[in-house]
Structure formats: structure tokens, C-alpha cells
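This report refers to the structure that appears directly beneath it.
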Amino acid sequence: MRLDQLAVAAYRDGRRMVAPLLGYPGVQLTGSTIRQNTFNSELHARSLQALAERFRPDLLFFMMNLSLEAGALGLPVRYPLQESASVEEHPVRRASDLEQFRQIDPLADALIQAHIDTMRRMKDLLPAGILRGGYVVGPFTLAGLLMGATSLALATVEQPELVTEVVEFARGVVEAYGRELVKAGAQVIAILEPTATFLSPAAFRKFAGRADRQVIQALQEESSRKAATAGEEVMTILHICGDAGHLVEAMAETGAQGLSLDSDVDLAAAARRVPADVVLVGNIDPVAVMGAGDQEAVAAAVEHLLEAMDPYPNFILSTGCDLPWNTPLANVETFMRAGRGWRRQAGHDK
Amino acid sequence: MSAAGQWDVLQQAIIDGKTAAVESEVRRLLEAGAAPESIINEGMIPAMIKVGELFEEGQFFVPEMLISARAMRAGLAIVKPLLRSTEKVTKAKVVLGTIQGDLHDIGKNLVGMMLEGAGYEVIDLGTDVPPDKFVQTAKEQQASLIGVSALLTTTMIRMQDVVRSVEQAGLKGKVGVLVGGAPVNERFAKEIGADGYAPNASAAVRVADSLLGKLKGA
Ligand code: B12
């Protein structure tokens with residue numbers, strides 16, 4: 001199955017797939033911290049199970065961690081108790097600086113293994129019918145963590161060969177981890193490429209899109225190897241938070257089955273700009289609406305979005321980015337209810 | 001002064017972000033007798049204003065803007081030492097940084113480069129900067145402005161502590177606090193008592209200029 005087939009099938013049945021980027025709020029259900037879940041796969045999987053049982057989304061990702069792959073390469077990462085992790089130093093200045101990292105096997109890292117194990121456990125713990133999702137960082141964003149985002153931005157103009165080489169290295173790391181997630185049972189993998197927001201469409205195609213495409217192909221190849229027995233092929237989503245409105249066409253060219261876009265982007269306009277077999281995933285504001293708004297605001301925002309997307313079968317209702325850990329659970333409930341309440345109006349199908 | 005075309009080569013080199021071309025053109029202009037302060041004020045600064053416009057119009061993206069700002073900086077480095085001490089070398093000093101808990105720095109760096117391009121001396125404290133550090137540095141360096149960047153809603157509220165800290169240091173009205181970053185808006189800036197807000201790097205220069213005027217008037 002492809003993601004667009006699932007989304008379109010739901011639409012033909014008169015409903016929408018609903019999949020907020022939940023992860024972190026699971027800490028509320030297990031009385032734990034983000035840090036505990038990051039380090040403990042058993043707890044992490046239980047937090048996700050609790051979310052799945054309570055909210056019954058169509059697709060559930062594990063907790064987002066943009067620093068995971070960078071940390072596995074030995075970059076210093078700060079893990080606050082109840083905030084996202086972040087990378088503290090960006091040591092790569094020239095191509096030769098990559099040598100030290102080539103010696104490292106990212107799969108040997110304990111946290112990488114913990115996330116692979118979380119995925120395995122999701123297979124046992126999530127109720128049937130809920131797709132298991134995992135995240136990998138995008139190669140360009142990992143390059144930004146290796147070099148520093150501003151240096152990377154400058155280098156896209158001044159040292160394009162260096163950027164290509166660092167991205168190429170990053171791609172290898174991402175692929176290795178992504179393949180393991182597929183083996184562990186991931187049905188959907190979202191590639192997180194936020195640092196690419198600052199690129200022009202041309203630069204995106206050259207530096208980020210090409211590598212994203214290769215990652216997507218590698219993941220699909222890995223899953224088709226497995227598909228002979230399990231009968232399922234991995235579905236891929238490319239996620240960029242922030243204003244990626246100018247990149248929609250270029251993102252679609254990567255071959256990702258879904259594009260996950262943030263609340264800054266006009267999703268209905270984006271739907272008119274991508275082929276019908278590319279699913280748009282989004283894009284309720286995770287912070288202003290879901291985190292800080294009340295239930296009325298959530299319901300209004302979801303209904304407004306559902307209405308705007310009414311003519312488009314290739315849509316999954318989600319949030320623009322992952323939800324803050326302390327998002328009121330009542331808001332998530334309202335989000336799910338409003339999403340489930342949608343019924344296709346006759347005559348709107350194209 | 002000579003024809004308006006005098007600055008064309010320099011300005012195009014800045015817009016194209018060609019550091020070497022900027023340097024050689026600055027040297028040529030100096031040899032041809034152009035005054036250092038004119039090279040800055042009439043040659044370079046209008047070029048950076050143009051770069052800011054191209055960014056706001058969506059023709060330039062972050063990398064292009066950073067490259068232009070860097071090329072301009074290379075030119076400034078040649079011209080600045082030649083200014084007589086009676087001439088004002090910089091408009092004012094700005095202490096700039098990303099607020100504590102936040103490591104996003106692309107926007108902050110862009111703002112810093114545009115401010116430099118517009119004639120400010122920027123003291124960049126980097127990311128994850130404690131509120132007190134801004135004020136302490138402003139005091140030590142006799143800066144007129146503090147610029148604070150925030151990209152995370154979870155930590156943006158700490159910008160308020162910068163404003164408070166300025167008040168506690170008795171610097172209110174002497175040091176202006178400028179705030180920005182994706183989740184920050186005019187209303188939030190007012191609520192926390194900041195002196196100025198700008199939605200992007202070229203607007204940041206305009207707001208800094210007008211704020212500076214007010215501070216001097218005070
Ligand atoms: C690139 C990016 C990253 C990069 C940062 C690289 C770097 N070194 O900066 C990486 C991948 C490392 C990253 C990490 C994280 N990020 Co991030 N990131 C972004 C993204 C996509 C773009 C930011 C950017 O650089 N934009 C381009 C620049 C040019 O724009 P700008 O910063 O807005 O700056 C302009 C103006 O705001 C203004 N300005 C900026 N500063 C100042 C200062 C002054 C004084 C003035 C006057 C003006 C001004 O002028 C600038 C130039 O025009 C944003 C999305 C967004 N909506 O912004 C998310 C975003 C900011 N990140 C977010 C989050 C949550 C994170 C993480 C916690 C992990 C995660 N789950 O994604 C970590 C946090 C780490 C930490 N502790 O800080 C959230 C914040 C949510 C919230 N509201 O709190 C955002 C909004 C994405 C989202 N929708 O969820 N991120």
C-alpha cells in the first residue's frame with residue numbers, strides 16, 4: 001500500500017485519516033519525562049501505547065529527536081529533562097573533518113538502538129490498525145548539525161562541493177538507521193528536513209532533495225526486500241517545519257508519498273501544486289493552537305482546515321510539527337473528534 | 001560629487017556577494033580619491049538595503065543574503081581603519097544574541113550581518129545567552145542597543161528578563177532593547193516592554209535606526 005492509496009480509500013469511505021504528531025504528550029500518560037523516554041525504550045513504547053489507546057490516531061510516530069543521529073556520531077548533545085534534545089557543537093569545517101566520523105558506526109550507539117527497540121515494541125503494543133511511524137533526520141539537516149546551520153548556508157553558495165560531500169556522508173548515516181527502523185517494523189518513515197527551509201527551490205533540489213530522494217529509495221528497497229514475507233512496503237513522508245511554501249514542488253519531486261507541512265503553509269494551495277498521488281499532511285499550529293489554544297480554538301482550526309481541504313482526497317489531518325509535551329490532552333481529544341467528525345460532502349470529489 | 005554611476009560596480013559586487021571584487025573595487029575607489037565615509041554611506045549601505053529588499057521580495061534566500069553581508073564586511077574592513085577618528089566609525093554598538101535555552105541562530109546571524117552592513121558594531125554573544133549577560137555586556141561595552149532573538153515559544157518569555165535587567169541596571173532609555181524571531185510579534189514585544197520589534201533583518205535595521213534616534217533624543 002502507498003500512503004496516497006490509504007488516504008484516498010478513507011476519503012472514498014467518506015472519512016479522513018487523522019494523525020497528529022503526538023509523541024511527546026505521551027509523557028503525561030506515563031508520568032514520565034522526555035529524557036526518560038529517550039533513554040528507555042520500554043517506557044517510550046508504553047507512552048506511545050497509552051497515546052494510541054486513548055486517541056486512536058491512524059498513524060503514530062515515536063517521539064521526535066533531531067539530535068539522535070548527530071549524537072550517534074559523537075557530537076555533544078544536551079538532553080534536558082523535559083525539552084527536546086539539542087546538539088551543542090558543530091565541528092565540521094572541511095571535508096577532511098569528516099574522516100573522524102567515518103570511523104564511527106552510528107548503529108552501535110545506545111540511543112539509536114533504543115529507538116530501534118522502541119519500534120520493535122510498538123509492533124507488539126500498538127492496537128491493530130494504527131500505523132507505526134518512525135523519524136529519521138534529513139541528510140541536509142544532519143549536515144547543518146555537523147557544520148553549523150549558518151556555515152552550511154554560506155557553503156551552499158561558496159563551497160558547494162563541501163556541502164555535497166557532507167550531505168552525502170550524512171545520507172549514509174541516515175540510510176543505515178532508517179533501514180534498521182524498517183527492519184524493526186516501521187510502516188511509515190518521516191524524514192525531518194527543517195534546516196532546508198532557508199534554501200531556494202533550486203538549491204533545495206541540489207543539496208537536500210536529491211539526498212532525500214536517495215534515502216526514500218533506500219528505505220523502499222529495504223522494505224521490498226522484507227515485503228516478500230510481510231507484504232507491506234514502507235511509506236515515506238518528507239517533513240519540513242517552518243515556512244516551506246516555496247519548496248512544495250521540489251519536495252514532491254523527491255518521491256516522498258507524503259509531504260508534512262507546517263502551519264505557515266497554505267495547504268489547499270499546496271494541494272493544487274502537487275500531483276494527486278502525493279499526500280499533504282498537516283497543518284494545525286502545534287504551539288499557538290494545540291498547545292496554547294482552548295478546545296474551541298482547536299475545533300475551529302480543524303474544521304476550517306477540513307473545509308479548505310474538502311476537495312482533495314490526498315490529505316491527512318495532522319499538526320504542522322510535533323506537539324509540545326504539555327499540550328492539553330483535551331485539545332488532542334478535540335482535534336481527534338473534529339477530525340473524525342468530517343464527512344465527505346457529495347459532489348466534492350474530483 | 002561625481003556621477004551616480006560611481007558606486008555601481010561596488011554595489012553590484014556586494015549584491016552578487018563577490019568578496020574579492022568588493023575588496024578590489026574599494027581599493028580602486030580609494031585610489032581614485034573617494035572619501036572612506038562616502039564609500040560606506042553612499043556605496044555600501046544602499047547595496048545592503050537593496051539586498052534586504054530582494055530578500056523581502058523572495059528573490060534572495062538566506063544563503064545569498066549571508067554572502068552579500070559577508071562581502072560587504074570585507075569591504076568595510078578595508079575602509080574602516082582609514083576613517084579619521086573625528087569621523088564616526090560606527091553608528092552605535094549592538095549587543096546581539098539568542099535567548100537562554102534556544103540554539104537557533106540563522107535569523108540572529110542574518111540580523112547581525114545586516115546591522116553591520118548598516119554601520120553598527122555588533123557584539124555577538126551567540127546562542128543560549130542568559131538575560132543578565134546581555135545587559136552586563138551592554139554596560140561594559142557601552143552599547144546603545146541590545147538585540148534578542150527567540151525561536152522557541154517555550155523560552156521566548158525570558159526576553160522579558162532582559163528588559164527587566166535593563167531597568168534594574170538603571171539603563172532604561174539609555175539602552176534600547178530590540179526583539180525578534182519567528183514566534184515574536186509586535187504585541188508580544190509591547191507586552192514585555194521591549195523598545196522595538198522587527199519581523200526580518202532589513203526591518204531590524206530600520207527599527208534600530210529609529211530607536212537610536214529616540215535614545216539620543218532622550
Ligand atoms: C532551522 C530550524 C532548526 C535548526 C536550527 C539551526 C540553527 N542553528 O539555527 C535545528 C534543526 C537545529 C532546529 C532545532 C530545534 N528546533 Co527548530 N526550527 C528551524 C526552522 C525550520 C527554521 C528557523 C530558521 O532558521 N529560519 C530562517 C531564519 C532566517 O528566520 P528567523 O529565524 O525567523 O529570523 C528572521 C526573523 O525572525 C527576524 N529575527 C530573528 N531574530 C531576530 C532578532 C532581532 C533582534 C530582530 C529585530 C529580528 C530577528 O529576522 C530574521 C531574518 O529575516 C523553524 C521553523 C520556523 N517557523 O521558524 C523551526 C522551529 C523554530 N524549531 C522548533 C523546534 C521545536 C526545535 C527543536 C526543539 C526540535 C524540534 N522538535 O524541532 C530544536 C530546538 C533546539 C534548541 N534548544 O534551540 C519549533 C519551535 C516551536 C515553538 N514555537 O516553540 C519551530 C517553530 C518548528 C515548529 N513549527 O515546531 N531547528
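The values are calculated or read from the model by the stated rules, or taken from the named source; none is laboratory data. If you're wondering where the values come from, they're calculated on a predicted model, not measured in any experiment. Counting neighbours? That spans all protein chains shown, and the Cβs are built from the backbone with ideal geometry, glycine included. Only protein heavy atoms, including side chains, enter the accessible area calculation; ligands, DNA and RNA are left aside. Shrake-Rupley method; radii C 1.70, N 1.55, O 1.52, S 1.80 Å.
Report, by residue number, each residue of segment B:154-165 that is under 18 Å from residue A:81 (Cβ atoms) and within 9 Å of the ligand (Cβ to nearest atom). Within segment B:154-165, B:154, B:155 meet the criteria.
Does residue B:142 satisfy the condition of being more than 14 Å from every other protein chain (Cβ to nearest Cβ) and under 30 Å from residue B:164 (Cα atoms)? It is true that residue B:142 is more than 14 Å from every other protein chain (Cβ to nearest Cβ) and under 30 Å from residue B:164 (Cα atoms). The residues of segment B:189-206 that are more than 6 Å from the ligand (Cβ to nearest atom), closer than 23 Å to residue B:165 by Cα and among the hydrophobic types (A, V, I, L, M, F, W, C), listed by number, are B:189, B:192, B:194.
Within segment A:280-331, if we keep just the residues that are of a type in the set (S, T, N, Q) and in contact with a strand residue (DSSP E or B) (Cβ under 8 Å, 6 or more places away or on another chain), the residue that is surrounded by the most Cβ atoms within 10 Å (Cβ to Cβ) turns out to be A:318.
The set of residues in segment A:67-86 that are within 12 Å of the ligand (Cβ to nearest atom), over 17 Å from residue A:148 (Cβ atoms) and away from every other protein chain (no Cβ under 12 Å) comprises A:68, A:79. How do the helices (runs of 4 or more DSSP H) wholly within segment A:30-111 filter down when requiring 1 or more residues that are open to solvent by 60 Å² or more (accessible area, probe 1.4 Å) and out of contact with any Phe, Trp or Tyr (no Cβ under 6 Å at 6 or more places or on another chain): which remain? Of the helices (runs of 4 or more DSSP H) lying wholly inside segment A:30-111, those with at least 1 residues that are open to solvent by 60 Å² or more (accessible area, probe 1.4 Å) and out of contact with any Phe, Trp or Tyr (no Cβ under 6 Å at 6 or more places or on another chain) span A:34-39, A:41-55, A:99-102.
State the number of residues belonging to segment B:152-187 that are within 14 Å of chain A (Cβ to nearest Cβ) and open to solvent by 30 Å² or more (accessible area, probe 1.4 Å).
Final tally of qualifying residues: 9.
One residue stands out in segment A:168-207 among those that are touching an Asp or Glu at 6+ places or on another chain (Cβ under 6 Å) and among the aliphatic types (A, V, I, L, M): the one that is nearest to residue B:56 (Cα to Cα), namely A:191.
Considering segment A:121-214, the qualifying helices (runs of 4 or more DSSP H), each wholly inside and each with 3 or more residues that are free of Cβ contacts under 8 Å to residues at least 60 places away in the same chain, in contact with a helix residue (DSSP H, G or I) (Cβ under 8 Å, 6 or more places away or on another chain) and more than 13 Å from every other protein chain (Cβ to nearest Cβ), run over A:160-183.
Can you say whether residue B:135 is more than 8 Å from the ligand (Cβ to nearest atom), aliphatic (A, V, I, L, M), buried (at least 21 other Cβ atoms within 10 Å of the Cβ) and away from chain A (no Cβ under 14 Å), as far as the supplied structure shows? Taking the combined requirement at face value, the residue satisfies it. Based on what the data block shows, is residue B:149 small (Gly, Ala, Ser), away from chain A (no Cβ under 14 Å) and either more than 30 Å from residue A:327 (Cα to Cα) or within 10 Å of the ligand (Cβ to nearest atom) (or both)? Here the answer is no, as residue B:149 does not meet what is asked.
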